[in-house]
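Engineer: The structure that follows is given in the form of structure tokens.
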2 protein chains.
Amino acid sequence: MEKTPGTFDITAQDSGTRGRTGRLTLQNAEIETPVFMPVGTQATVKTMTSAEVQELGFDLILGNTYHLLLRPGMETIQELGGLRKFMSWPGAILTDSGGYQVFSLANNVKIDHDGVEFQSHLDGDRLKLTPELATDMQLAMDSDIVMAFDECVRYPVDRTYAKEATERSFYWTERSFERFHVNRRNQNLFFGIVQGACDMELRRWSAEHVAGLECDGYAVGGLSVGEPMDLGMDVLAGTVPLLPEGSPRYLMGVGKLRDIYRAVCQGVDMFDCVLPTRQGRHGHVVTHEGELNLKNARFRTDASPIDERCRCRTCRDYSRAYLHHLIRAGEMTGMRLATHHNLWTYARFMESLREAIRENRLESFGSQLPPESGNEDPSTSSEDSN
Amino acid sequence: MEKTPGTFDITAQDSGTRGRTGRLTLQNAEIETPVFMPVGTQATVKTMTSAEVQELGFDLILGNTYHLLLRPGMETIQELGGLRKFMSWPGAILTDSGGYQVFSLANNVKIDHDGVEFQSHLDGDRLKLTPELATDMQLAMDSDIVMAFDECVRYPVDRTYAKEATERSFYWTERSFERFHVNRRNQNLFFGIVQGACDMELRRWSAEHVAGLECDGYAVGGLSVGEPMDLGMDVLAGTVPLLPEGSPRYLMGVGKLRDIYRAVCQGVDMFDCVLPTRQGRHGHVVTHEGELNLKNARFRTDASPIDERCRCRTCRDYSRAYLHHLIRAGEMTGMRLATHHNLWTYARFMESLREAIRENRLESFGSQLPPESGNEDPSTSSEDSN
């Protein structure tokens with residue numbers, strides 16, 4: 001029997017943690033959760049083809065409304081049949097609302113009750129984004145999951161501004177929600193976003209109000225924005241129980257394997273992050289022994305694969321020494337191969353997490369995580385630079 | 001029965017032209033000629049994996065000694081088992097001698113009888129290349145085909161210098177040849193190079209002397225270096241008959257489809273050029289209707305594939321509009337997809353040429369060539385820039 005898009009079946013509940021597996025039905029795919037979404041900022045997961053991303057085991061990717069609005073523009077994507085058709089992506093798409101990028105990338109940003117005015121970081125064009133426009137754009141792309149337009153404030157922030165932004169975000173979420181229901185043509189879903197900085201009172205207020213809208217899913221935004229990760233995890237642990245148990249929960253922009261694991265233990269179902277792709281392009285790779293920087297001189301003549309235990313094509317065919325050379329020489333082939341390895345590792349990691357939940361051993365799974373290593377690259381929600 | 005590397009069987013002779021098909025046995029592949037070699041300057045055909053290049057139908061690629069000498073260096077490649085193993089390339093490799101790049105890329109180049117002193121374009125290191133060193137490096141990479149070290153002069157050049165350079169090139173070729181026979185360990189082949197600028201007297205002198213060495217094959221160098229293409233083709237037409245009929249003939253650095261066709265009609269068997277890969281990265285693609293610049297605004301909403309008649313994966317999955325967007329946005333995925341298309345087209349073009357020769361219709365094949373279009377990009381022999 002075909003399930004209606006929006007159906008979210010919880011298929012297993014770990015007994016030692018809040019971790020759970022689920023199956024989320026979208027108009028273009030059935031998604032097993034917990035799921036990681038690679039980021040396809042400019043209508044491509046950087047360096048990869050759509051077919052490859054699917055072969056790696058992903059059926060849901062994230063598209064960035066802000067970037068696609070600036071280039072190629074919504075009319076173009078709509079004229080070409082939506083984002084999936086435009087980029088020949090056979091799976092499903094979640095689009096962000098563009099809000100995060102406006103605040104992090106655009107110039108001369110002016111916020112008022114109505115929305116955000118800004119200058120394009122590409123050509124300086126003056127533009128305005130409102131909840132209505134952000135929603136319409138996502139519907140024009142025929143996104144499987146449309147995200148509410150919100151304001152994401154960086155850490156630290158004073159409480160007065162945090163409260164103002166949290167209230168504005170909810171007001172914008174309401175308007176996004178209304179617009180979505182008026183203008184949707186297909187079986188798109190709508191996710192609300194809980195904000196509130198690192199203030200549990202604001203988080204509670206936001207969660208209660210957003211949950212009151214009866215969205216198809218709920219995102220926790222405004223984390224991984226500069227705060228210490230332990231503080232972020234505390235906020236998350238306090239926020240998740242405020243969200244409807246039976247709906248998918250999405251933690252935006254968090255993407256280190258260890259943090260994904262901790263959030264899954266809190267009951268989070270969905271993740272996105274540029275980390276595996278952006279890091280890959282810089283020669284940073286994830287392995288069972290921790291992260292490696294392939295540019296490091298010690299890999300110059302290392303004939304072993306990135307990860308002896310990995311079965312991806314990069315590890316099957318190529319040595320660390322070869323990747324070291326390619327990345328140092330600025331060769332795209334090297335960026336591709338490292339990106340491929342990282343995405344493969346993320347896909348397998350999410351499979352392992354789901355398996356651990358089904359087998360009631362998510363808690364002990366934590367002891368198998370690769371060792372933590374310092375990492376200079378903050379995770380953010382779009383692939384802007386190289 | 002296994003054939004000895006170096007065996008070159010002429011398998012068909014076109015009756016209306018000097019075009020012929022052949023089979024060249026190398027230590028790592030059997031090559032059907034006429035053949036086009038993609039250029040893998042820095043141990044990668046830019047944007048492609050080794051497996052993809054072979055899947056496209058190529059069994060022989062070119063490596064640039066100059067670039068590989070500078071990075072990762074010969075010791076590294078040798079320690080890792082040679083260039084093929086280093087880059088996991090299952091086919092065969094022809095390496096140039098580095099001479100061309102020294103003259104076109106390096107700084108403060110000083111030529112004397114012994115060799116060339118220069119500064120690395122990467123880090124300014126002062127280095128010296130001699131026929132002996134260039135040969136040793138190619139043997140260290142375990143190249144299937146080792147090229148003589150020569151001096152390639154650009155057009156125009158005065159006759160005094162052209163004569164001096166032609167004689168020096170032959171002297172260096174002799175030294176390369178001797179070194180090759182002393183130091184080779186495997187079944188590597190050695191190709192001599194005929195120089196002589198656009199002066200038929202010099203070309204004749206060079207061809208006679210180089211042919212006297214009884215090399216495994218003969219290259220025509222010093223064309224496609226700035227001279228009008230018709231003049232180059234006249235020089236080629238005069239030079240090829242001076243080379244041993246039964247040996248493979250290689251025209252260096254010529255790579256427009258129309259020029260390849262004309263050279264094949266003159267009896268040339270082998271080609272290399274950065275054109276399909278470099279052009280691809282800039283969004284220039286070859287089609288049955290001629291060349292297209294995908295950056296052009298008219299492709300912004302063009303839902304058709306690059307070439308309706310092409311069966312490559314890029315044309316199967318993606319539209320001109322998508323590639324237009326990706327190339328404009330500087331996305332590597334776009335460069336990859338365009339490179340893939342161009343290389344596929346070159347591989348199929350060479351197949352068609354071989355078929356036309358076998359069916360005795362090479363002359364009429366000329367009328368089926370795509371229309372010529374102005375092209376700003378000169379062909380050169382290594383992939384240096386983006």
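None of the figures in this text is laboratory data; all of them are computed from the coordinates on show. Just so you know, these numbers come straight off a predicted model, no measurement behind them. We place every Cβ from the backbone using ideal geometry, glycine too, and count neighbours over all the protein chains shown.
Engineer: Magnitude of the Cβ-charge dipole of the stretch B:280-368, K/R +1 and D/E -1, about the Cα centre, nearest 20 debye? Write out the running numbers ahead of the final one.
Structural biologist: Numbers: 15 positive and 11 negative charges, 59 e Å.
The dipole of the stretch B:280-368 has a size of about 280 debye.
Engineer: Pop the C-beta distance of A:K3 and A:D234 into the FRET formula with R0 = 56 Å and round what comes out to the nearest 0.05. The partial results should precede the final answer.
Structural biologist: Working: r = 35 Å, r/R0 = 0.63.
Result of the calculation: an efficiency of 0.95.
Engineer: Provide an ascending nm list, one decimal, of label-point separations from B:A297 to the equivalent residue in each further copy; define each label point as 7 Å from Cα along Cα→Cβ.
Structural biologist: Result, one decimal in nm: 5.2.
Engineer: Cut-off under 24 Å on the C-alpha distance; same-chain residues fewer than 8 positions from A:K163 excluded. Which lysines are left, in chain and number order?
Structural biologist: Filter leaves A:K110, A:K128.
Engineer: Would you mind classifying the stretch B:203-268 by shape? Square roots of the alpha carbon gyration tensor eigenvalues, ordered a ≥ b ≥ c; an a/c under 1.5 is rounded, otherwise it is prolate if a/b is larger than b/c and oblate if not.
Structural biologist: Working: a/c = 2.01, a/b = 1.58, b/c = 1.28.
In terms of gyration-tensor shape, prolate.
Engineer: Scan chain A for the residue whose Cβ is closest to the axis carrying it onto chain B, then write down that distance in whole angstrom.
Structural biologist: Per the A/B rotation axis, the closest residue of A reads A:M332, 2.
Engineer: I would also like to ask the following. Counting other beta carbons within 10 Å of each Cβ, put A:W205, B:W89 in order, fewest first. Working shown, then result.
Structural biologist: Working: A:W205 19, B:W89 27.
Result, fewest neighbours first: A:W205, B:W89.
Engineer: Okay, next question. Under a no-solvent Debye model with one identical scatterer per Cα of the stretch B:164-322, what's log10 I(q)/I(0) at q = 0.09, 0.17, 0.20 Å⁻¹?
Structural biologist: Computed log10 I(q)/I(0) values: -0.42, -0.95, -1.17.
Engineer: Let me know the charge dipole size of the protein assembly as shown about its Cα centre in debye, to the nearest 20, where only the beta-carbon of Lys, Arg (+1) and Asp, Glu (-1) is charged.
Structural biologist: Details: 82 positive and 110 negative charges, 74 e Å.
Dipole of the protein assembly as shown, to the nearest 20 debye: 360 debye.
Engineer: Would you kindly work out, in nm and rounded to one decimal, the distances from the label point of B:R126 to those of the same position in each other copy, ordered shortest first, with label points 7 Å along Cα-to-Cβ?
Structural biologist: Relative to the other copies, B:R126 has label-point distances of 6.0 nm.
Engineer: Kindly give the distances from B:P90 to its copy-mates, label point to label point, with each label point 7 Å from Cα along Cα→Cβ, as nm values to one decimal ordered shortest first.
Structural biologist: From this label point to the equivalent ones elsewhere in the assembly: 2.3 nm.
Engineer: Shifting gears a bit: How big is the C-alpha Rg of the stretch B:280-368 next to the rule-of-thumb value 2.2 N^0.38 Å, as a ratio?
Structural biologist: On the way: Rg = 14.3 Å, N = 89, 2.2 N^0.38 = 12.1 Å.
Dividing the Cα radius of gyration by 2.2 N^0.38 Å gives 1.18.
Engineer: Charges at C-beta only: +1 for Lys and Arg, -1 for Asp and Glu. How large is the resulting dipole of chain A about its Cα centre, in Debye rounded to 20?
Structural biologist: On the way: 41 positive and 55 negative charges, 209 e Å.
Taking the Cα centre of chain A as origin, the dipole is about 1000 debye.
Engineer: Place +1 on the Cβ of every Lys and Arg and -1 on the Cβ of every Asp and Glu in the stretch A:101-241, take the dipole about the Cα centre, and give the residue among A:H209, A:G232, A:N188 whose Cα lies farthest towards its positive end.
Structural biologist: Among A:H209, A:G232, A:N188, the one farthest towards the positive end of the dipole of the stretch A:101-241 is A:N188.
Engineer: Kindly state, as a whole number, the per residue volume in cubic angstrom of the convex hull around the alpha carbon atoms of the protein assembly as shown.
Structural biologist: Numbers: hull volume 134.0 nm³, N = 772.
That works out to 174 Å³ per residue.
Engineer: Is it possible to state the helix-based mean residue ellipticity at 222 nm for the protein assembly as shown, with each DSSP H run of 4+ residues giving -39500 (n - 2.57), the sum divided by total residues, to the nearest 500 deg cm²/dmol? What is it?
Structural biologist: My calculation for the protein assembly as shown gives -11000 deg cm²/dmol from helical runs alone.
Engineer: Cut-off is 10 Å between beta-carbons; in what order do B:T65, A:T49, B:T7 appear when sorted fewest neighbours first? Let's see the in-between values first.
Structural biologist: Values: B:T65 30, A:T49 22, B:T7 14.
Fewest-to-most ranking of B:T65, A:T49, B:T7: B:T7, A:T49, B:T65.
Engineer: So, one more: Pull out a ≥ b ≥ c, the square roots of the eigenvalues of the alpha-carbon gyration tensor of the stretch A:108-178, then state rounded if a/c is under 1.5, prolate if not and a/b is larger than b/c, and oblate in the remaining case.
Structural biologist: On the way: a/c = 2.02, a/b = 1.20, b/c = 1.69.
It is oblate, given that a/c is not under 1.5 and a/b is not larger than b/c.
Engineer: Quick test of the membrane-span-like rule: which DSSP H helices of chain B reach at least 20 Å along their long axis (C-alpha atoms) with mean Kyte hydropathy at least -0.5? Write out the running numbers ahead of the final one.
Structural biologist: Working: long enough: B:159-183 (35 Å, -1.34); B:332-358 (39 Å, -0.39).
Correct list, ordered by number: B:332-358.
Engineer: Now a separate question. Can you give me the three principal axis dimensions of chain A from its C-alpha atoms, in Å, biggest first?
Structural biologist: Here the Cα extents, ordered largest to smallest, are 58, 51, 50 Å.
Engineer: At q = 0.11, 0.17, 0.21 Å⁻¹, what base-10 log of I(q)/I(0) does the Debye formula yield for the stretch A:46-152 when every alpha carbon is treated as an equal point scatterer in vacuo?
Structural biologist: -0.34, -0.78, -1.09
Engineer: Given B:F149, B:L323, B:F8, which one lies farthest toward the positive end of the charge dipole of chain B, if we put +1 on the Cβ of every Lys and Arg and -1 on the Cβ of every Asp and Glu?
Structural biologist: B:L323
Engineer: If you average over every viewing direction, what projected area does the convex hull of the Cα atoms of the stretch B:42-87 give, in nm²?
Structural biologist: Working: hull surface 12.5 nm².
Here the figure is 3.1 nm², rounded to one decimal.
Engineer: For a quick check: sort B:Y155, A:Y322, B:Y161, B:Y261 by the number of other beta carbons within 10 angstrom, fewest at the front.
Structural biologist: Working: B:Y155 16, A:Y322 29, B:Y161 12, B:Y261 21.
Fewest-to-most Cβ neighbours within 10 Å comes out as B:Y161, B:Y155, B:Y261, A:Y322.
Engineer: If you don't mind, another one. Placing +1 on the Cβ of each Lys and Arg and -1 on the Cβ of each Asp and Glu in the stretch B:280-368, which of B:T287, B:Y346, B:M332 has its Cα farthest towards the positive end of the resulting dipole?
Structural biologist: With unit charges placed on the Cβ atoms, the residue in question is B:M332.
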